[in-house]
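What follows is one structure encoded as structure tokens, with my remarks underneath.
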Amino acid sequence: MKQPKHLTTIVKSTYLGRELCKGKCNKTLEMFKEYLDRIDDVMDKAISDYPRTTVIRVDLKFPYSIKYDVDQVMKRFIGSLSSQIDADIKRRRKHGKRVADCKIRYLWARENKLSINDHYHVALFLNKDVYAYLGSLVNTDNLAYRIKRAWCSALDLDIDEGGGLAHFPDNCRYWLDRKANNFDDMFNQVFKRLSYFAKIDTKKSGDRRRNFGYSLR
């Protein structure tokens, strides 16, 4: 990948005093420093919003047969998920439950090695007091289903057609609790996991599309 002029490449095992993820055979990876800074910034802001934060990792794929405008698809995905969460909170409150607000912070990295379409690695940051668990992948009234439904909505597919295109990898949920004794360890663990988003390998250049995005506010 040709390095964009506004980005700085680093090859280190740690950054900001935190361990970074490694490649195959424990290889130290080339990463973009600015992406790592944004990961740290979004995590800090998420904890400032909600001292008890749930972090969800999900991989979002495209169907092989259709070409998409990937930048617009991600906007639609976040918009759909935000709308579903707002509706769920309103419904719970209507039934007399005390439910806090829950805005979404997020990070994503676009990758493509050999496929016709790109795929996204995504991290979602939510209020743990509202969403602490993904829920069963076969149920329809939980966070996992809402994420799948949001991705299908972004792709303009029915849930039966595209539900499998949103994949939750192993160990896809983390809790960050500012008051917990293990907060620093958990923060560092999540940062290490998400530092994968900053690696240079498998990212495209020259197509005028962003390889990395994050919530701005």
* Structure fact -> Scoring the stretch 9-214 by relative contact order with C-alpha pairs under 8 Å, at least six apart, yields a percentage of 34 percent
* Quick one: putting +1 on the C-beta of Lys and Arg, -1 on the C-beta of Asp and Glu, what dipole do you get for the stretch 67-217 around its Cα centre, in Debye to the nearest 20? -> 580 debye
* Just check the stretch 9-214 against the gyration tensor rule for me: Cα atoms, a ≥ b ≥ c as the square roots of the eigenvalues, rounded for a/c under 1.5, and otherwise prolate or oblate depending on whether a/b exceeds b/c. => oblate
* **Charge dipole (the chain, unit charges on Cβ, about Cα centre) - positive-most of L124, A100, I10** => A100
* Do any of K75/K148; K22/K75; K45/K179; K75/K97; K103/K199; K148/K199 go past 19 Å between their Cα atoms, and which? -> K22/K75; K75/K97; K103/K199; K148/K199
* Set the Förster distance to 35 Å, then compute FRET efficiency between R217 and N26 from the Cβ-Cβ distance, nearest 0.05. => 0.40
* To do: Work out the FRET efficiency for H95 and N117 from their Cβ-Cβ distance, taking R0 = 45 Å, and round it to the nearest 0.05.
  => 0.65
* Zone of L157's modelled label, taken as backbone nitrogen in the stretch 81-123 under 13 Å from a point 7 Å along Cα→Cβ -> 117-120
* Asked: How large is the helix-only mean residue ellipticity at 222 nm for the chain, computed as the sum of -39500 (n - 2.57) over DSSP H runs with n ≥ 4, divided by its residue count, in deg cm²/dmol to the nearest 500?
  -> -10500 deg cm²/dmol
* **Paramagnetic reach from I66 (point 7 Å along Cα→Cβ, amide N under 20 Å) across the stretch 138-154** => 145-154
* Structure fact -> Simple spin-label estimate for K103/K45, 7 Å along Cα→Cβ, in nm, reads 0.9 nm
* Using only Cα atoms, locate the centre of the stretch 174-204 and the centre of the stretch 1-60, then give the distance between them in Å, rounded to an integer. => 7 Å
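Here, each number is a calculation from the coordinates, and none is a lab measurement. Note that the structure is predicted; figures quoted are calculated from it, not measured. Virtual Cβ from ideal backbone geometry, glycine too; neighbours counted across all protein chains shown.
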